[in-house]
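Below is one structure, written out as structure tokens, with a few remarks after it.
The values are calculated or read from the model by the stated rules, or taken from the named source; none is laboratory data. None of the values given here were measured: they were computed from a predicted structure. Neighbour counts are summed over all protein chains in view; Cβ atoms, including those assigned to glycine, are modelled from backbone coordinates with ideal geometry. Just so you know, the surface numbers come from the protein's heavy atoms only, side chains and all, with ligands and any DNA or RNA stripped out. Shrake-Rupley method; radii C 1.70, N 1.55, O 1.52, S 1.80 Å.
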Amino acid sequence: MRDLLLVGIFLAVLPFALRNTWIGVLLWTWLSLMNPHRLTYGFAYDAPFAAAAAGVIFLSLFIGRDKLRMPWSPPVIVLFLFVFWMCVTTAFALSPEDSWNQLNKVLKIQVVTAIALMALQERRHIELFIWVNALSIGFYGFKGGLYTVLSGGGGRVWGPAGTFIADNNHLAVAVIMVIPLLNYLRTVATAKYLRLGLLALMVFCAFSALGSQSRGALLAIAAMALVLWARAPNKAVTGVILAVTGVALIAFMPSAWEERMSTIGTYESDGSAMGRIQTWQFCANLAADRLTGGGFSIYNVQNLAIWGAPGARSVHVAHSIYFSVLGEHGYIGLFLFLLLWWLAMRQAARLRKASKGKPELAWVFHLVGMCQVSLVGYFVGGAFLQLAYFDLPYNILVILVVTQRWLDAGGWKEKAGGTVTAAESAQQRPLPSAVTQQVTSS
């Protein structure tokens, strides 16, 4: 039944995706992040939905109605340079065949990212893109949170098999990253029940992250909470709310969870943590010896014998977005990776500055603020996870870039002045008064 339902939804959307590239981007994003075929049990489990969606997207570039144009902002230029450099490092990889296979997967994501940058142009495109990203991961947040509550925190939450978020740690960081996006959607929602539903989903996502028993996720939550507190107009009240919420969530978890989290401060006695540190040293040694790094597939005994840390007996993946990029693409790759995200945060800061104090742009102010919080979660949680090429952070980059393009287009100025059609009025609906007051006071 699930197989037929998924195929029915997929086939129903395809004609619209063929006419409008941005709909194809939404379809691909749903398939790529949520992997709904992994929730089936029959023929759809291994069906090439993503490949079919990609084919339709490419056809729509030539026969679709959308007028596509690339926003050549600094983050986009650096992203393309980073992708180009990955192709170079793969050409000189230590394990060419395995590296080319991994590059093929990465390029599929980045090609659709480039198309998303061209296709998403209107506010409704941006908001629907946010909905798809938030709910695709939020589904697993709800599922994992419900399991954590029902099991009393005794189980461990895992993601769908064969995906970026299959690992409990990866799923935890992904779920954490969508909480700010859900909060944005909750803030701009006009229906009371929708706001309450999104708030409940945020709580379930928090339980899911804790239920994953990921120490990196806990650090990411703490970093995001610190950013939210620093930006709050009333820090005392916000601090109390965050503290009470955090204590309530942690108090629910069993003592075994607390014991595992306590090992953050005693990593020297943790074999898993020390193994990661040895792998980080291996990546640094490799990057220092080879300008192009080792390519995507570097984690094997042969390479460990040459570049491994003293005393290392086994090698695992880097478990860090920073050290994995360093080992796989060298210091040039790491520089481009860090520059990309620094430019993304700078663009978000500029968007907040440009929209601050303007009620008609309150949605932009709040959105980019939540995108920044989400990226902070990625930067901190990703320091301990293998998620350098995961779709979600690049989708947040897309949101920031296309929002900047929407703002630069200036159509909102005319609409704010009153020359707006009924359809546009619905699209440019004002935010709830609480949000506009927050923008004015922030």
Where Leu387 falls short, out of the listed (1) touching a residue at least 12 places away in the same chain (Cβ under 8 Å); (2) not in a loop (DSSP other than H, G, I, E, B): (2)
Number of the exception - Ile57 against (1) closer than 13 Å to Ala116 by Cβ; (2) surrounded by fewer than 15 Cβ atoms within 10 Å (Cβ to Cβ); (3) β-branched (Val, Ile, Thr): (2)
Matching residues in the range 65-78 - criterion: being surrounded by fewer than 16 Cβ atoms within 10 Å (Cβ to Cβ) and either touching a Gly at 6+ places or on another chain (Cβ under 6 Å) or closer than 14 Å to Ile23 by Cβ (or both): Arg65, Leu68
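Give the residues of the range 373-384 that are open to solvent by 10 Å² or more (accessible area, probe 1.4 Å) and not β-branched (Val, Ile, Thr), sorted by residue number. Give the derivation first.
Quick first cut of the range 373-384, residues open to solvent by 10 Å² or more (accessible area, probe 1.4 Å) only: 376, 379-380, 383-384.
If the condition is that a residue be open to solvent by 10 Å² or more (accessible area, probe 1.4 Å) and not β-branched (Val, Ile, Thr), then Phe379, Ala383, Phe384 are the ones that fit.
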Qualifying helices (runs of 4 or more DSSP H) (wholly inside the range 123-221; at least 3 residues being open to solvent by 50 Å² or more (accessible area, probe 1.4 Å) and at pLDDT below 90): 123-150
Long-range neighbours under 6 Å by Cβ, at least six apart or interchain, first residue in contact (Cβ under 8 Å) with a residue 12 or more places away in the chain within the range 90-102, second part of a helix (DSSP H, G or I) and small (Gly, Ala, Ser): Thr90/Ser99; Ala93/Ser99
Odd one out for Trp85, checked against (1) touching a helix residue (DSSP H, G or I) at 6+ places or on another chain (Cβ under 9 Å); (2) open to solvent by 60 Å² or more (accessible area, probe 1.4 Å): (2)
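Determine whether the range 271-280 contains at least one residue that is within 25 Å of Thr89 (Cβ to Cβ), at pLDDT 85 or above and assigned to a helix (DSSP H, G or I).
Restricting attention to the range 271-280, the residues satisfying the condition of being within 25 Å of Thr89 (Cβ to Cβ) are 275-280.
Narrowing the set further to residues that are at pLDDT 85 or above leaves 279-280.
Checking the rest, the ones that are also assigned to a helix (DSSP H, G or I) come to 279-280.
There is at least one residue in the range 271-280 that is within 25 Å of Thr89 (Cβ to Cβ), at pLDDT 85 or above and assigned to a helix (DSSP H, G or I).
Condition check ((1) modelled with pLDDT of 90 or more; (2) under 23 Å from the mean Cα position of the chain (by Cα)) across all residues:
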residue	(1), (2)
Gly327	yes, yes
Leu336	yes, yes
Trp341	yes, yes
Met370	yes, yes
Leu387	no, yes
Gln404	yes, yes
Gly410	no, no
Ala416	no, no
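Look through Gly357, Gly327, Gly369, Gly381 and report the one residue that is part of a helix (DSSP H, G or I), over 22 Å from Leu128 (Cα atoms), touching a residue at least 60 places away in the same chain (Cβ under 8 Å) and not acidic (Asp, Glu).
Matching residue, one of Gly357, Gly327, Gly369, Gly381: Gly381.
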In the range 1-19, the residues that are without any contact (Cβ under 8 Å) to a residue 12 or more places away in the chain and closer than 10 Å to Gly64 by Cα: Phe16
One residue from Phe62, Phe10 being part of a helix (DSSP H, G or I) and open to solvent by 60 Å² or more (accessible area, probe 1.4 Å): Phe62
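Any residue at all in the range 167-174 that is closer than 21 Å to Val25 by Cα and either in contact with a helix residue (DSSP H, G or I) (Cβ under 9 Å, 6 or more places away or on another chain) or of a type in the set (Phe, Trp, Tyr) (or both)? First the steps, then the outcome.
Of the range 167-174, the ones closer than 21 Å to Val25 by Cα are 174.
Narrowing further to those that are either in contact with a helix residue (DSSP H, G or I) (Cβ under 9 Å, 6 or more places away or on another chain) or of a type in the set (Phe, Trp, Tyr) (or both): 174.
Yes, the range 167-174 has at least one match.
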Residues being closer than 25 Å to Gln213 by Cα, within 27 Å of the chain's Cα centre (by Cα) and either among the small types (Gly, Ala, Ser) or surrounded by 12 or more Cβ atoms within 10 Å (Cβ to Cβ) (or both) - total across the range 233-251: 9
Selection within the range 20-49 - over 19 Å from Leu128 (Cβ atoms) and either surrounded by fewer than 20 Cβ atoms within 10 Å (Cβ to Cβ) or modelled with pLDDT under 85 (or both): Arg38, Leu39, Thr40, Tyr41, Gly42, Phe43, Ala44, Tyr45, Asp46, Ala47, Pro48
Complete set of residues in the range 111-122 that are over 18 Å from Tyr389 (Cα atoms) and either among the basic types (Lys, Arg) or in a helix (DSSP H, G or I) (or both): Met118, Ala119
Close pairs (8 angstrom Cβ cut-off, 6 or more residues apart or separate chains): without any contact (Cβ under 8 Å) to a residue 60 or more places away in the chain in the range 155-179, of a type in the set (Lys, Arg) and open to solvent by 10 Å² or more (accessible area, probe 1.4 Å) anywhere: Asn168/Arg156
Some residue of the range 249-269 being modelled with pLDDT of 75 or more and aromatic (Phe, Trp, Tyr): no
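Within the range 222-241, which residues are in a loop (DSSP other than H, G, I, E, B) and either of a type in the set (A, V, I, L, M, F, W, C) or closer than 22 Å to Pro160 by Cα (or both)?
At the first step, the residues of the range 222-241 found to be in a loop (DSSP other than H, G, I, E, B) are 232-234.
Selection gives Ala232 alone.
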